[in-house]
Amino acid sequence: MRKTKKGASVRYEYAFSVKCSLVLCAIFALVVIYRTMKDVQDIQAAKVETEQVRLAVAKKKAENKDLHEQIERLQSEDYILELARSKYHYSFDDEIIFQLPTEQTGSN
């Protein structure tokens with residue numbers, strides 16, 4: 001009778017240790033899965049941010065190119081004169097400027 005109780009006790013302890021091991025493995029697996037999913041989300045967010053930065057850099061490069069072209073144009077006296085005449089209504093002393101009425105669209 002003692003062997004049966006002792007054998008049952010050993011089987012119970014073995015079954016308990018197997019269950020504990022399975023629970024620990026499941027917890028470990030869940031932690032690994034959670035960390036992996038978090039890392040995937042972080043990578044996706046980094047890709048989006050990288051693309052946004054790449055677009056911003058391209059935009060700034062285009063803007064920089066335009067500014068360099070404008071600097072080159074501003075080296076020319078003819079361009080400066082054209083700019084002053086068109087934008088700031090500069091005129092020479094012997095010139096007469098006529099302002100023409102602009103066309104209005106719509107019904108009167």
Residue hits (segment 1-42; surrounded by fewer than 10 Cβ atoms within 10 Å (Cβ to Cβ) and hydrophobic (A, V, I, L, M, F, W, C)) are M1
Going through segment 73-95 in order, the residues found to be of a type outside the set (A, V, I, L, M) and surrounded by 10 or more Cβ atoms within 10 Å (Cβ to Cβ) are R73, S76, Y79, E82, R85, Y90, S91
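Bear in mind that the values in this text are calculations on the coordinates, not laboratory data. Because the structure is predicted, anything quoted here is derived from the model rather than measured. Here the Cβ is made from the backbone with ideal geometry for all residues, glycine too, and neighbour counts use every protein chain on show.
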